[in-house]
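*Asks:* Quick one: structure below, then a few questions.
Each value in this text was obtained by applying a stated rule to the coordinates, not by laboratory testing. These numbers come from a predicted model, not from an experiment. Cβ placement follows ideal geometry from the backbone for every residue including glycine, while neighbour counts extend to all protein chains displayed.
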Ligand SMILES: [Zn+2]
């Protein structure tokens with residue numbers, strides 16, 4: 001009773017002209033960015049699935065990093081655990097904080113879409129784009145970081161040399177987009193770091209392949225002619241998506257020697273190799289995975305949405321791992337009503353491998 005009286009008194013004292021005002025009861029919150037549409041946006045359901053996969057991977061990588069005494073990594077993984085945990089929704093859009101780490105499947109997905117939108121207009125103008133894959137002999141975990149450093153240096157030397165030739169004698173100027181990726185081979189327990197590139201024409205792809213082999217041989221890195229692939233780009237958007245996979249695949253084939261042709265959604269034989277992924281992310285630390293060579297995009301294309309705004313009468317949602325969804329803190333309503341595929345649940349519960357490899 002005392003509480004009710006106090007509350008009543010507060011309302012009265014707050015009203016400037018003697019009439020009771022309830023304006024101060026309106027909840028306000030400062031949010032950043034332009035928000036994500038909720039209703040009619042299939043990406044929202046996918047975000048629940050991505051968060052569930054990321055969380056399972058994170059817990060396993062946290063165990064691996066703790067075992068190795070790598071506390072900085074443990075902290076970075078926990079930061080991703082809190083990525084989009086709390087959502088603020090207002091007028092059919094939600095606002096949240098993103099971790100922007102490459103092991104976060106949502107943040108990596110946002111980054112991929114951003115890169116695709118930025119680069120697609122330029123690449124779709126190229127006369128006969130080609131896809132080039134540059135590889136080298138697989139390495140073990142111990143040598144991965146070192147070999148990635150050497151790959152980056154070799155590639156830079158090829159670019160610098162051609163730039164100088166261009167300045168001196170009008171040799172053609174190299175142009176391409178490139179991304180660095182690394183796969184884990186679960187039967188051989190080895191890592192395959194490689195570059196995917198899109199070049200404007202076949203001549204550039206052939207030139208880069210030949211220089212890559214020469215350059216690696218110069219520094220005694222094992223490389224085979226057959227390991228380097230060139231093919232014509234048939235569908236620019238599809239191939240650009242292929243190039244910007246962004247680092248590493250989370251779900252890997254447990255039997256890569258017997259590669260199966262998968263239908264969409266088929267997850268048979270897939271596993272998450274947490275230790276291998278932790279090794280790859282450590283080796284990639286400080287490395288820009290996607291970049292362009294020989295051209296830059298205009299400032300207009302680089303523009304990002306920033307800025308704050310205040311929203312009133314918002315809803316708040318918290319991600320609850322057990323429910324695998326964001327739950328409205330007032331009403332208990334579920335945001336996405338995501339239902340996990342039973343096979344994915346089986347993988348996340350039983351097929352996460354934390355062994356040393
Ligand atoms: Zn994130």
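*Asks:* Separation between the residue 43 and residue 160 pseudo-spin-labels, each 7 Å from Cα along Cα→Cβ, expressed in nm?
*Replies:* Inter-label distance under the simple model: 3.9 nm.
*Asks:* Which one, 193, 256, 42, has the greatest fluctuation when you compute a Gaussian network model over the chain with C-alpha springs under 10 angstrom?
*Replies:* 42
*Asks:* Once the Cβ-Cβ distance between residue 285 and residue 217 is put in as r, and R0 is 30 Å, what FRET efficiency do you end up with, to the nearest 0.05?
*Replies:* Calculated value: 0.60.
*Asks:* Evaluate the distance, in nm, between pseudo-label points positioned 7 Å from the Cα of residue 34 and of residue 333 along their respective Cα→Cβ axes.
*Replies:* Distance between the two pseudo-spin positions: 2.5 nm.
*Asks:* At a 10 Å Cβ-Cβ cut-off, how would you order 225, 181, fewest neighbours first?
*Replies:* By the 10 Å Cβ count, ascending: 225, 181.
*Asks:* Between region 326-352 and region 162-235, what is the separation of their alpha carbon centroids in Å?
*Replies:* 41 Å
*Asks:* R0 = 35 Å: FRET efficiency of residue 187 with residue 341, Cβ-based, nearest 0.05?
*Replies:* My answer for the efficiency is 0.85.
*Asks:* Just to be sure I understand: with springs between alpha-carbon atoms less than 10 Å apart, which residue in 155, 184, 284 has the highest mean-square fluctuation in the Gaussian network model of the chain?
*Replies:* 155
*Asks:* If you don't mind, there's one more thing I want to ask. Calculate the spin-label point distance for residue 67 paired with residue 206, positioning each point 7 Å from the Cα along the beta-carbon direction, and give it in nanometres.
*Replies:* My value for the distance between the label points is 5.0 nm.
*Asks:* Related question: Would you mind checking the tilt of helix 202-218 against the longest principal axis of the Cα atoms of the chain, expressed as 0 to 90 degrees and rounded to 10?
*Replies:* The helix 202-218 is inclined about 80 degrees to the chain.
*Asks:* While we're here: Please check which bits of region 96-119 a label hung off residue 86 would reach, taking the label as a point 7 Å along Cα-to-C-beta and the cut-off as backbone N under 20 Å.
*Replies:* 96-101, 107
*Asks:* With an 8 Å cut-off on Cα pairs and a minimum separation of 6 or more residues, tell me the relative contact order of region 24-102 in percent.
*Replies:* Relative contact order comes out at 38 percent.
*Asks:* Continuing with this model, one more query. Taking Cα atoms, how many degrees apart are the long axis of helix 141-169 and the longest axis of the chain, rounded to 10 and kept between 0 and 90?
*Replies:* The angle comes out near 70 degrees.
*Asks:* Please report, largest first and rounded to whole Å, the three semi-axes of the ellipsoid equivalent to region 114-302, where each semi-axis is the square root of five times an eigenvalue of the C-alpha gyration tensor.
*Replies:* So the equivalent ellipsoid measures 28, 21, 16 Å along its semi-axes.
*Asks:* Enumerate the residues in region 93-109 having an amide nitrogen under 16 Å from the point lying 7 Å beyond the Cα of residue 316 toward its Cβ.
*Replies:* Answer for region 93-109: 95-97.
*Asks:* Which of 343, 77, 95 moves most in a GNM of the chain, Cα contacts under 10 Å?
*Replies:* Looking only at 343, 77, 95, the biggest GNM fluctuation is shown by 343.
*Asks:* Using alpha carbons only, how many degrees (0 to 90, rounded to 10) separate the axis of helix 105-123 from the longest principal axis of the chain?
*Replies:* The answer is roughly 60 degrees.
*Asks:* Please compute the contact order of the chain in relative form: average sequence separation of alpha-carbon pairs under 8 Å and at least six residues apart, divided by the residue count, as a percent.
*Replies:* Relative CO of the chain lands at 26 percent.
*Asks:* By per-residue mean of other Cβ atoms within 10 Å, what is the highest-first order of 165-176, 53-64?
*Replies:* 53-64, 165-176
*Asks:* Please list 70-76, 231-237 highest first by mean number of surrounding beta-carbon atoms within 10 Å per residue.
*Replies:* By packing density, highest mean first, the sequence is 70-76, 231-237.
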